[in-house]
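Structure first, commentary second.
The values are calculated or read from the model by the stated rules, or taken from the named source; none is laboratory data. Keep in mind that what you see is a predicted model, and the values were worked out from it rather than measured. For neighbour counting, all protein chains shown are included, and Cβ atoms are generated from backbone atoms with ideal geometry for every residue, glycine included. Ligands, DNA and RNA are stripped out before the accessible areas are found, and what is left, the full protein with its side chains, is counted by its heavy atoms. Shrake-Rupley method; radii C 1.70, N 1.55, O 1.52, S 1.80 Å.
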Amino acid sequence: RGEQQAATQSRLFVLAIGISKYPEAFKLQWAAKDAEDFAMAMQRQKGLLYRDVQVRLLRDQDATRDAILDGLEWVEKNTTQNDVGMLFLSGHGWNDASGTYYFIPANFEVDRLRSTAVPSAEVQKTVQSMAGKVVVFLDTCFSGNVLGGTAAELRGDINRVANELVSAENGAVVFTASSGRQVALERPEWGNGAFTKALMEGLGGKADMMGKGTITINALDYYISERVKELTENQQTPTTAKPQT
């Protein structure tokens, strides 16, 4: 009970980004809704686990490169050592020829990826600078041959990004929709991407393994992992990276 009372003194800051309305060849179906659903789920924690919840939601055309960078700065500056910051990114992500991973904003240009997309280093810098606890959710897809080259060259290697964010100097807990260079799947009947569907179910109570009204990182990890594998018939394997501490 003492731990629960201490937790209610914390504030939660959420930056949720979801982009479905890319140019025609890049369009996704549920990414924007994924971000909206996550933001709403965390907003409901106000007065429960957290004494206050502040959310910045960027969807579709609002999720420009500048707006995403502003959002990262907002969550970094507002999260104190007693607070929790959460980042949720749903959309396209891929590597350039040098292996740099980018999250693709709504206003990116194919021929100017470096200057119009958001490199993972910007997310890493935000995480590293945040004073409180940090949880990151990455539900990023890729577009196979749209940029030219092979799919293996273009898919963002999400494992490397997660490992960077969870490293000792950064210390975030990172949930990813898929492992390595797998594709993150979405289907009409789910109403979300597979990862976010499982995440919403888990946060809705199904990850409360002990029936105590609280959801732990480990329980959420287990539920998402098993549920996504079930939904996708083992085509997609979500991962969770946690600091040793």
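So here's what we get for this one:
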{"read-out": "Residue match in region 88-99 (condition: under 18 Å from residue 118 (Cβ atoms), assigned to a strand (DSSP E or B), within 14 Å of the chain's Cα centre (by Cα) and aliphatic (A, V, I, L, M))", "value": "yes"}
{"read-out": "Boolean, residue 97 is of a type in the set (Gly, Ala, Ser) and surrounded by 20 or more Cβ atoms within 10 Å (Cβ to Cβ)", "value": "no"}
{"read-out": "Neighbours by Cβ (under 7 Å, 6+ apart or cross-chain): first from region 55-80, hydroxyl-bearing (Ser, Thr, Tyr); second open to solvent by 50 Å² or more (accessible area, probe 1.4 Å)", "value": "64/107; 79/131; 80/131"}
{"read-out": "Close pairs (7 angstrom Cβ cut-off, 6 or more residues apart or separate chains): within 16 Å of residue 138 (Cα to Cα) and open to solvent by less than 80 Å² (accessible area, probe 1.4 Å) in region 25-53, at pLDDT below 90 and of a type in the set (S, T, N, Q) anywhere", "value": "30/192; 33/192; 34/192; 37/192"}
{"read-out": "Candidates 181, 187 - the one that is within 25 Å of residue 120 (Cα to Cα), at pLDDT below 90 and open to solvent by 30 Å² or more (accessible area, probe 1.4 Å)", "value": "181"}
{"read-out": "Residue in region 135-142 that is modelled with pLDDT under 65 and not in a strand (DSSP E or B) present", "value": "yes"}
{"read-out": "Region 221-235 residues that are closer than 11 Å to residue 199 by Cβ, paired with ones that are in a loop (DSSP other than H, G, I, E, B) and open to solvent by 60 Å² or more (accessible area, probe 1.4 Å) (beta carbon under 9 Å, 6 or more apart)", "value": "221/242; 223/209; 223/215"}
